[in-house]
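**Q** Mind looking over this structure? Questions follow.
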Amino acid sequence: MESVVVQERLSAWLTERVGSRVRVEQDAGELRLTWVDGPTAVRMRDMAGDFGKHAGVELPRIACARGLSDLGQTVAVLLWLDRDPERTALPEPVIADRAGTEIGYPERAQPRWQRRARNLRSLIEAEQGDLAAGVRLLLHRSAATGWAETMAWLDDSEHHPPRHLRLVP
C-alpha cells in the first residue's frame, strides 16, 4: 500500500478511536503522530500497531508528539498527584512532566476534576496561566493543609474565589 494512503488511513483510524484529530506525517523514514490531549504516547503506539495488524501493513518506526491543552495539562497534574499525594514532595518540573506522560485522556476526566482544574487555572491567570505557578500553589497548599484539604479548597474556590492571592516563588 502506498505510504500516503497508509498515512491517511492511519490518521482517520486513530482519529476515530481517540476522539480528536491525529495527524500522521512521514518524516525521515518514520511516521510522526501528533495530537492534543487524548491517550498517552505509549497507548497511541499500541493503537498504531493495532492498525498495522488490522490493515495488514508493516508500519515504519512511530514517533509520537502529544500536546496537552492548558486544561488537559492541569487535569493531568491533579489526577497524577491524587493517585499518590506523596508525589507532592517531587520537584515541580518532574510533576508536570510525569503527569503529562502518564495520564491519558485528561479531557475525559470526571466533571469534578475538570472543575478543579478550571478553578486552579483561574487562580493562576495572574501568572499568565503558568502551570508551574499552579503546581507551586498546590504543593505549598498541600504541605500546609494536606492533599484532601487542598482538593476541598479547590472545590470551594469555585464558589468563594480567594482574594489577593499571592503565589509562592
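Values in this text are rule-based calculations from the coordinates and carry no lab data. Computed from a prediction, not measured in an experiment: that's the story for all the values here. Positions of Cβ are backbone-derived with ideal geometry, glycine not excepted, and every protein chain shown enters the neighbour counts.
**Q** How many nm separate the modelled label positions at His140 and Ala63, each set 7 Å beyond the Cα in the direction of the Cβ?
**A** A separation of 3.9 nm, rounded to one decimal place.
**Q** Just to confirm the number: angle between the C-alpha axis of helix 92-102 and the first principal axis of the chain, 0 to 90 degrees, nearest 10?
**A** 40 degrees
**Q** For the pair Arg115 and Val36, what calculated FRET efficiency results from E = 1/(1 + (r/R0)^6), where r is the Cβ-Cβ distance and R0 = 22 Å, to the nearest 0.05?
**A** Taking R0 as 22 Å, the efficiency between Val36 and Arg115 is 0.60.
**Q** On C-alpha positions alone, give me the angle between the axis of helix 147-157 and the longest principal axis of the chain, in degrees, nearest 10.
**A** The angle comes out at about 80 degrees.
**Q** Okay, moving on. Percent antiparallel among DSSP beta bridges with both residues in the chain, to the nearest 5? Don't skip to the answer; put the middle values down first.
**A** Details: 5 of 12 bridges.
Of all bridge pairs located within the chain, approximately 40 percent are antiparallel.
**Q** Suppose we take every Cα in the range 10-169 and form the convex hull; what volume per residue is that in Å³? Could the numbers behind the result be given before it?
**A** On the way: hull volume 19.8 nm³, N = 160.
So the per-residue hull volume is 124 Å³.
**Q** Then there is this: Using a simple spin-label model with points 7 Å from Cα along the Cα→Cβ vector, what separation in nm is obtained for Asp50 and Val5?
**A** Those two pseudo-labels are separated by 2.4 nm.
**Q** Which residues does a label at Arg83 reach in the range 43-62, if reach means a backbone N under 19 Å from a point 7 Å past the Cα toward the Cβ?
**A** In the range 43-62, the label zone of Arg83 (backbone N under 19 Å from the point 7 Å along Cα→Cβ) covers 43-47.
**Q** Sticking with this structure for a sec: Among Leu90, Leu154, Leu78, determine the one that fluctuates most according to a GNM of the chain built with springs between C-alpha atoms less than 10 Å apart.
**A** Leu90
**Q** Let me ask something additional. Evaluate the charge dipole of the chain about its Cα centre and quote only its size in Debye, nearest 20, assuming +1 on the Cβ of each Lys and Arg and -1 on the Cβ of each Asp and Glu. All intermediate terms of the calculation are to be shown ahead of the outcome.
**A** Working: 23 positive and 25 negative charges, 46 e Å.
Magnitude of the dipole: close to 220 debye.
**Q** Pairs of alpha-carbon atoms within less than 8 angstrom and 6+ residues apart define the contacts here; what relative contact order does the range 1-104 have, in percent? Working shown, then result.
**A** Numbers: 121 pairs, mean separation 25.1, N = 104.
Across the range 1-104, relative contact order equals 24 percent.
**Q** To test your reading of the geometry: what angle, between 0 and 90 degrees and rounded to tens, separates the Cα axis of helix 41-55 from the longest principal axis of the chain?
**A** So the inclination is approximately 20 degrees.
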